[in-house]
Each structure stands twice: as C-alpha cells, then as structure tokens.
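Engineer: One structure, pasted below without further comment.
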RNA sequence: GCGGGGGUCGCCCAGCCUGGUCAACGGCGCGAGGCUUAGGACCUCGUCCCUUAGGGGUUCGUGGGUUCGAAUCCCACCCCCCGCACCA
C-alpha cells in the first residue's frame, strides 16, 4: 500500500468520518450488502457487489445524508466445518485451494483444522483488505454470526416467528448422508448433482410365507411381468419389516429403516440362492421364476425388480442374454428362461407389440452391458407414457392410457395389501465426505412457512413499495415469492444458533440472516460494551425493535439502565428501515426474497426496505470465475496490483444493471493509469491558465459541466454506477480536453471551479486521489465530506453550447468535403447565412410550428432562390429539439462565432479558412455557393 | 420443463421504457499523423460499402406486422446466459 493511501486512511479513521451516530433531524441513509461467508478469501465478485454500495454510500454522504454502511461476517453453516474436516482428512485439493488460490501461508493452513480458526483467519484478512480499499464502513458495528449477542438476536427472532405461526414442523424425505448425519444438498455432493428422491412402488411377490419385494416406477405393467430379477452376486436378506416377512437386498434394510419402517433382520444370503424359485405376483396370480440379472443394483431401492420384457429394454435384453446362453446360469435356469416370452400389454402407435424389442433392434444393442440401453429405456418409456393404451392383457386396466393406468394399478394393488412405497434416489449420490447417500424420512423438521398465502401477499407488498434497481429485476422477485415453498430453516450440524425451543437444531445460514440489518443498530453498543448478551432477553429485544414493554422495568430486570434501553430503541428507530440492500442477482431467489419475507413478518410498513440493488455476476476475462479453472482473482490480489483507487475505478466502470461484470486486466490497467494521470493533468493544466474575463468557450465548459453533474447525479440515484463513473472519468475529462484543445489560454477561475467540483464527483469512486487533489486545489476539509456539486453553481448557457455545436457541424461538413473532393485545396471559404436567409429560416420554422401555410413566407423571400424543401430537410436533419433551441436563440451570431473559430478550424483541417457573410458586399465567392448558406449550415467552398 | 435476463457496426458495450437529430455513444483492437533519441504514455484523425462538394446504399439474432418513418412498438421463431431449493 502506498504511503498516501495509508495517510488518508488514517485521516478518515482519526476523524471518525465513517462512524455515524443518529443525528435527530438529519436525513439518514442506511445501506447494506449481504455479509460474506468466511470460508475463503473475498474476491473481485464480493468487491464488485460491495463497491456499488460503497460508491453509493459516499455519494449520499456528499449529498448531505447521515450515511450508515456497516459490515459483518457470516460464519453460520456447515461449509466452514466441512472444509476444515476435509483438511483434517488430508484432502490435498482442500489444502491446494487455501494455499494457491487464497494465498494462505502453509503455517496458517495447518491450523485450519480448527474451523473457528479458519473463519477467523479469513475474517481478519478480509477486514484488512476492505479497510485498505478505503471502504467507508462503520467498523464499530462489525460482528460475526456466532457472537453470543447475535445468537440472542437470532433466538429472539425465531421465538417470535414461531409465535406468529411462521415456523412449522414437517416430515419430508431428504437425501441423507449417514456420515454427516445431515441432508446432503446439491453443492455438497461429489456425485449425483440434481438428483432428488423419487417415490417407487413396492410390490410383494409371494415366496412361500415370505414376500420378495420388487420396486418399480411402472406398476401398471404388472400384467406384463414374466419373471423377477435379482442380482446373483449381491447379498440379500430375510427380515421382518413392520411385522411382515420380506426378502430384499441386505443394503435395502438400512434404507427401509430410515424410511420409518421397523426392520428386524433374520438372515442374509447370496442372491443366487433365490434363482429358479417361483414367486407369485399379485393381481395376476401368476407364479414367476426368479432369474439372475447383473444390471440389478442391490443398493438401489429393494434390489429386486420384476421383468416386463415386452416394454422394458433392460428386461428384454437380460432375458435374451440368458436364452442365448450369454449368462452362466446353469442349465435349469436357461430352460426356465427359454419358456418365457414377452407379454405385450399395450398398443403403441409406430411400434410393434413388443416396443422394447423394436428399440433394442433399432439401436443394435448386443447385450446387457450396452450403455445405450439407458437411451432405449427412456425412448420406450416416453413413447408409452404419452401414447400407450393398455389392452385386454391387462385385465381391469384395459382401455386406459398409461397415465391413467398408473394410479389405477396402485389402487388395485393396495386392495391386495401387497403394495408398499419407498423413496429412492434414481441415481448414485455421493456426499463430499465420500459416503453414499440415501433417502431418509426426516421427522419433525422445522420449516419457515413461505407457502403461507397471507405471508406471500404481504411480502409482495414489500417489494411493490420498494425501489428495485434495475427495474428488470422486480419481476424476478414476484415470481420467486409465488414459487417459494416451505423452507427447512434448521439443521443438525454446523455453526450457528440453536433453536431456543429445540436445541437439537441449529438455525440454517439463509434463515439466520434475514433481519440482521436491524442488529447493526445494536452491535455498536455491544462492541463498545455498553450492553452484553445477558441483557438481550427476548423482552428487551421486543422493546428495542417493537417498542413493546416498559423500558424502566425491563432495565431493572436485566440490570441495565432505562436510559440505555431507550438509546438502543432510538438508534434502531433512527436508522431503520434499510434504504438500500444490494447483492448479486443469484441471491434474488433466496436471500433477498427471504429478507423481504421476514421484514414483512416483523416490521410495520414504514420499516420495510426501501430499495433493492441487483448486480450481475463477475466474469474474469469473459469466463466464469472458478477456483479450479485457475482464473480466480482475489480482492487482495487485485487491490495490490492496481491500487485502491485503480481497483475501485475499474470496478465502477465494469457493468451496470443485471449484466454480468467482466473483469479484464487490461481495463483495470487502464483505470489505474487514469487515476495516476489525474494529478499531473490537473497540475499541468492549472499552470497554463491565465486570469481573464469569461468568454463563450468558458461558458460552454461550465454549461457542459452542468449537464455532466445532472447525468451523474441521476445515474447515482438509480445505482447506475458505471454510467455515473463513465460520465465523471471519461466524459468530463474529454470535455476539459476539448476545452483545452479548442484554443486560447484556459481561464483560471473557470478551471479552478470545474476542477473543484470534479474532484468532489470523483470522491465516491476514487477517494484517495480525490483527497490529494482536493488538497492540491486548496479545498477546505475533506473530499469525503464535501458537498456534492450543485447545478446552480454551473449555469447553463445554451448560446455557448449552440456555438460549439455549429462549429462542430461546420468542421464535420468540411471534413466530408475534403474527403470526397480531390484536386487543389488550399483554402476553405465558409459562408454564413445572410440576415435575410436567417429570417426566412426562422419564419418557415415558426410557420411549420404553427402548422400554417408556408406559401406566404416562401413568396416573401423568393429573391433568395432557396427552395423551401431544402430548409425543411435541414429542420429534419437537426431535429425538433435542436431546432427549438436554435429558434430560441435568434440573436446567436454565427458569423462572429465562426470568425473567431476560423483559426481553430484551420488548425483542425490543415487548410486556411476564410469566413464571410453571404450578402455582404465585395464577397469572394468563386463557386457561387454563398447563396446556399442557411443558419447552422454555412455554405462551404474549397479552393 | 418452470422462472429471470439477453442477442447492436472485429471485440466489449450504450441506445430500446418516452419511434424520427442513429451508420448508431464510449472503450479496446487496428491504421495514419503529432509529440518523443527510441519505445511507452499522451494528443488528433480514420476504422460497414460506394462516392471528385457536405451525397447514396446496406446494417442493430430471424421472419412477419403496425407506422409517412423502427435498433426502438406488436406477434412468431431461433440461439445464449443465470436460478430451480434443505445450501452459500
């Protein structure tokens, strides 16, 4: 870090510039960003999101708001613990990420086996990098989500939510990791992303007094069953399941037990023992042989399936394999198989009676090992589901479509009492910890009742009343609110706060961070040790946040003072509501909407959030940032490379709206260069100034600057950071360059004023260089505390703007001509329109404006020999707005302007320039062009 | 599949809400010139095609439509990105 950066950081800190307390009567602005999760180094994505609020905060501060921008750290959840765990298990990938991507010293990584240490390391590092970036955060309010006082806040929150009926209990099937003893979410899986529990139908085939329990997704095919498959190599068991005698694969026993079945194992044996026995099917009453099939996965469902070779390609091929002697199964098995043939049970357009065979033969599938069986299965299944109609072979199901037959078959089976159900993972799911997952029916889980229609309706209002930047994002909120279902809000493992009424459960990360912004008003007092966790009883918090209860008696009961409690209440009432919460768009479907839900539940309308800011995700050189791809850019790394101001400006110029922000090294270099060039540019420019009266060009600069202030202010107020920054650093800079380039010595006072204001406009984005410049320019106080430039200090001057505009048009026209005309060209004659032509022009304009007939006017000026069409074409060319401007400045002296600028034009074009006025006597007009001149469109002639 | 966003002149991107001043802002890249011992930085000009007088032609994913007039409004289609939940 450079010494000047250090210097200003110290000044801001010493003067407590960013430590706001309530000032009654002063307008306030409370802005927040979701706290980052402390399992890794903060990166440019975090920085991008946070920087938008940082810029906004500094901008609002200059506008005179009392701005609070607090920060905290998210430790809740199991990710930190999980990473620590993996490191402990010696996972080399985990270590590599810490060391190579995040740049953690080896010595520190050793200690990361302690999750708390891991989180505290990153917290410390992240805090430092944010401070070094000059973020205007009130660090007095910082906290971690595991702090005792914060836990009291979360406990209070959940007690109240439950009382309001928003926390309910439920029992649901979940993907379960037996090692973690916890549900395994998508991101926690090594294998099986996107797989969720599916309900299979279990059908009991009688095997003497035992039931061989087969699992299926297609119970309607039961009439087509020819045999039952088991895996001859797998282990099976006899067991009492809910008092019945079942035969299933041994591994299925665990899964059944997790699905609320009472399981008592009796004995286990190899699958081959079952081969050749006959099992009686329900409904049909047929005795079906048990045959071997190695495609049967004993770890899926019950490890037993029944075979429908006519309609299931796997079954068809497995049976054919045995018949063709491809399976070593002994003669007896083959003889049984030889007698079996597919039993068609439905008709399907475009297929024969045996669709499974059609698909298998079409694809040329050779045997059970062929991976294309998967595709064949899905093809047949889809076709049958949509177009299959059951035939007489299916008995009571005859005439039904597959879709209709499915529930009907279940109904029939239920009557036979030979039906059961089981949740199954249709594909392998492996937890990050390496263990195979299965479905568990998790009982009495706690849910946030987001499906509650009244709660939804109220939440919708929260969003309706708030600003959403950009507006495009609003619809997404509404759809999310509609779509959101009950959310499991507590888990068994990880860091966090226990549910106060059920200590087995820990409030989950997305659920403990919905109204914590309110806690920022309290954390200041906690950190200053004015109040401690013991004081924060639910009743006290009711008072602080709801104003309920009597502060005097509450104070007595928790041993603090009445005054203190009133102060907490005042602090909250002053800062709330949140004026802006900004985050990346991927948080709309969860965090931001949860945030809206909980505010709807807890607070009255006047304390609902006022604004949502949404930004895109960060890309690195056009590609998604990823630790494994090696294109990961940490905040620290970027800060060190480009400096605080350079980094900040690069972030500001990256993207607006929900567009993804493309972080490019090249652009960051550029930003850094711009920042560095500022001071020399300002210094050098000021040195070249002189003291003199204001001329038209000076007025032009001031007037243009007026417009720049306008666009910047408007953009900032709508959180269009890039637009604002581009105006300040690109447009304004270009304006000044043009002003210098345009000619003459710059006027000292004009530039001093413009620079003074310019610096204040830079201050939100690049505060360090702004402070330097502010000092350089003799500004009093700090640029971080100055006033945002006022429009009235930079008056508009349409006349001056008109002059530069016409000049630009003339130069452009002349360039076009020069481009096209070949031959000698040493002199450009510029003919400004005569007074007569000018009158003609304006009278036509007026007539057109009033939609009057123009005949009179045309006749009046017929001597000019200017076709009215030409004038109308010009009107069209310059546009209505410009025409109005021209019309309201009839006094504008085009001749004087262009005469004055002839030197400039000449320099620009590298040719001598003579400006004359049409109609003047002694006109040099060899091309006879002068008569064509019109206002804003002088005639040109090249010699 | 459902939901959200988007496809603009080599690349990135503005404009679209509130149709005409849009061959279309700005940046990058590229070309020419200036400055400089040289390079870099910086400054000026150029960068769809055609054109010996400021002009013309064809462009804003594709195809229709509305309109005197459409990148902008309407309809259909194609393509890309993101989210889809027990988790940050």
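The values are calculated or read from the model by the stated rules, or taken from the named source; none is laboratory data. As the structure is a prediction and not an experimental result, all values here were calculated from the model. Because the Cβ atoms are built from the backbone with ideal geometry, glycine has one as well, and the counts that use them run over all protein chains shown.
Engineer: Report whether or not residue A:170 is within 43 Å of the chain's Cα centre (by Cα), closer than 30 Å to residue A:78 by Cα, surrounded by fewer than 15 Cβ atoms within 10 Å (Cβ to Cβ) and at pLDDT below 95.
Structural biologist: yes
Engineer: Kindly list, by first and then second residue, each pair from a residue in the range A:172-198 that is without any contact (Cβ under 8 Å) to a residue 24 or more places away in the chain to a residue that is within 7 Å of RNA strand B (Cβ to nearest atom) and part of a helix (DSSP H, G or I), limited to pairs with Cβ atoms under 8 Å and residues at least 6 apart or on different chains.
Structural biologist: Listed pairs, sorted by first residue: A:193/A:186; A:194/A:186.
Engineer: Another question about this same structure. Is it true that residue A:47 is farther than 30 Å from residue A:571 by Cβ and crowded, with 23+ Cβ neighbours inside 10 Å?
Structural biologist: Answer is no for this residue.
Engineer: Let me ask you something else. Looking only at residues in the range A:364-407 that are over 18 Å from residue A:316 (Cβ atoms) and under 45 Å from the mean Cα position of the chain (by Cα), which one is surrounded by the most Cβ atoms within 10 Å (Cβ to Cβ)?
Structural biologist: If we take residues in the range A:364-407 being over 18 Å from residue A:316 (Cβ atoms) and under 45 Å from the mean Cα position of the chain (by Cα), then A:405 is surrounded by the most Cβ atoms within 10 Å (Cβ to Cβ).
Engineer: Checking the conditions here, which among A:844, A:796 is within 30 Å of residue A:754 (Cβ to Cβ) and more than 9 Å from RNA strand B (Cβ to nearest atom)?
Structural biologist: The conditions single out A:796.
Engineer: Return the residue satisfying two criteria in turn: it lies in the range A:826-836 and is within 13 Å of RNA strand B (Cβ to nearest atom) and loosely packed, with under 15 Cβ neighbours inside 10 Å, and of such residues it is nearest to residue A:878 (Cα to Cα).
Structural biologist: A:827
Engineer: Does residue A:570 qualify as being surrounded by fewer than 16 Cβ atoms within 10 Å (Cβ to Cβ) and modelled with pLDDT under 95?
Structural biologist: So residue A:570 fails the test.
Engineer: I'm told residue A:787 meets every condition in (1) in contact with a helix residue (DSSP H, G or I) (Cβ under 7 Å, 6 or more places away or on another chain); (2) more than 30 Å from residue A:657 (Cα to Cα); (3) surrounded by fewer than 17 Cβ atoms within 10 Å (Cβ to Cβ) except one. Can you identify the failing condition by its number?
Structural biologist: That leaves (2) as the condition not met.
Engineer: Turning to a different aspect of this structure: Would you check if there is a residue in the range A:439-460 being touching a residue at least 40 places away in the same chain (Cβ under 8 Å), away from RNA strand B (no atom under 16 Å from the Cβ), part of a helix (DSSP H, G or I) and farther than 30 Å from residue A:211 by Cβ?
Structural biologist: Within the range A:439-460, one or more residues are touching a residue at least 40 places away in the same chain (Cβ under 8 Å), away from RNA strand B (no atom under 16 Å from the Cβ), part of a helix (DSSP H, G or I) and farther than 30 Å from residue A:211 by Cβ.
Engineer: Related question: Taking the range A:59-75 only, how many residues are out of contact with any strand residue (DSSP E or B) (no Cβ under 8 Å at 6 or more places or on another chain), part of a helix (DSSP H, G or I) and either modelled with pLDDT under 95 or within 18 Å of residue A:22 (Cα to Cα) (or both)?
Structural biologist: Here the count works out to 1.
Engineer: Related question: In contact with a strand residue (DSSP E or B) (Cβ under 7 Å, 6 or more places away or on another chain) and either surrounded by fewer than 18 Cβ atoms within 10 Å (Cβ to Cβ) or assigned to a helix (DSSP H, G or I) (or both), is that true of residue A:592?
Structural biologist: yes
Engineer: Could you check how many residues of the range A:484-501 are crowded, with 19+ Cβ neighbours inside 10 Å, assigned to a loop (DSSP other than H, G, I, E, B) and within 9 Å of RNA strand B (Cβ to nearest atom)?
Structural biologist: The total comes to 4.
Engineer: Answer with yes or no whether residue A:901 is within 12 Å of RNA strand B (Cβ to nearest atom), surrounded by 17 or more Cβ atoms within 10 Å (Cβ to Cβ), at pLDDT 85 or above and within 21 Å of residue A:829 (Cα to Cα).
Structural biologist: It is false that residue A:901 is within 12 Å of RNA strand B (Cβ to nearest atom), surrounded by 17 or more Cβ atoms within 10 Å (Cβ to Cβ), at pLDDT 85 or above and within 21 Å of residue A:829 (Cα to Cα).
Engineer: Could you check the range A:153-171 and list, in sequence order, the residues that are out of contact with any strand residue (DSSP E or B) (no Cβ under 8 Å at 6 or more places or on another chain) and either more than 15 Å from residue A:502 (Cα to Cα) or without any contact (Cβ under 8 Å) to a residue 12 or more places away in the chain (or both)?
Structural biologist: The answer is A:153, A:163, A:164, A:165.
Engineer: Sticking with this one: Considering only the range A:249-277, how many residues are closer than 17 Å to residue A:207 by Cβ and in contact (Cβ under 8 Å) with a residue 60 or more places away in the chain?
Structural biologist: Number satisfying all stated conditions: 3.
Engineer: Taking the criterion of being without any contact (Cβ under 8 Å) to a residue 40 or more places away in the chain, outside any loop (DSSP other than H, G, I, E, B) and crowded, with 16+ Cβ neighbours inside 10 Å, would at least one residue in the range A:419-437 satisfy it?
Structural biologist: Scanning the range A:419-437 turns up no residue that is without any contact (Cβ under 8 Å) to a residue 40 or more places away in the chain, outside any loop (DSSP other than H, G, I, E, B) and crowded, with 16+ Cβ neighbours inside 10 Å.
Engineer: Taking the condition part of a helix (DSSP H, G or I), more than 23 Å from residue A:196 (Cβ to Cβ) and at pLDDT 90 or above, does residue A:411 pass?
Structural biologist: When the stated conditions are applied, residue A:411 passes them.
Engineer: Here's something else I'd like to know. Which condition from (1) under 28 Å from the mean Cα position of the chain (by Cα); (2) modelled with pLDDT of 95 or more; (3) over 20 Å from residue A:497 (Cα atoms) is the one that residue A:141 breaks?
Structural biologist: That leaves (3) as the condition not met.
Engineer: Consider the range A:853-889. How many of its residues are away from RNA strand B (no atom under 13 Å from the Cβ) and exposed (fewer than 12 other Cβ atoms within 10 Å of the Cβ)?
Structural biologist: Qualifying residue count, the range A:853-889: 8.
Engineer: Restricting to the range A:612-651, name every residue that is crowded, with 24+ Cβ neighbours inside 10 Å and free of Cβ contacts under 8 Å to residues at least 24 places away in the same chain.
Structural biologist: Across the range A:612-651, the qualifying residue is only A:650.
Engineer: Then there's this: Across the range A:678-716, which residue is surrounded by the most Cβ atoms within 10 Å (Cβ to Cβ) among those that are in contact with a strand residue (DSSP E or B) (Cβ under 9 Å, 6 or more places away or on another chain) and farther than 18 Å from residue A:792 by Cβ?
Structural biologist: A:697
Engineer: Looking at (1) within 30 Å of residue A:19 (Cα to Cα); (2) free of Cβ contacts under 8 Å to residues at least 12 places away in the same chain; (3) surrounded by 15 or more Cβ atoms within 10 Å (Cβ to Cβ), which is the one condition that is false for residue A:847?
Structural biologist: All conditions pass for residue A:847, except number (1).
Engineer: Using the structure shown, decide if residue A:358 is outside any loop (DSSP other than H, G, I, E, B) and crowded, with 16+ Cβ neighbours inside 10 Å.
Structural biologist: Yes; evaluated as a whole, the condition is true for this residue.
Engineer: For the range A:711-731, enumerate the residues that are within 11 Å of RNA strand B (Cβ to nearest atom) and not in a helix (DSSP H, G or I).
Structural biologist: Selection gives A:718, A:720.
Engineer: Condition first: farther than 18 Å from residue A:834 by Cα, within 12 Å of RNA strand B (Cβ to nearest atom) and surrounded by 14 or more Cβ atoms within 10 Å (Cβ to Cβ). Can you find one or more residues in the range A:923-941 that meet it?
Structural biologist: Taking every residue of the range A:923-941 in turn, none turns out to be farther than 18 Å from residue A:834 by Cα, within 12 Å of RNA strand B (Cβ to nearest atom) and surrounded by 14 or more Cβ atoms within 10 Å (Cβ to Cβ).
Engineer: So, one more: Test residue A:839 against the stated conditions and say whether it is modelled with pLDDT of 85 or more, crowded, with 16+ Cβ neighbours inside 10 Å and away from RNA strand B (no atom under 16 Å from the Cβ).
Structural biologist: yes
Engineer: Looking only at residues in the range A:535-587 that are closer than 21 Å to residue A:54 by Cβ, assigned to a helix (DSSP H, G or I) and in contact with a helix residue (DSSP H, G or I) (Cβ under 8 Å, 6 or more places away or on another chain), which one is farthest from RNA strand B (Cβ to nearest atom)?
Structural biologist: Ranking the candidates gives A:575 first.
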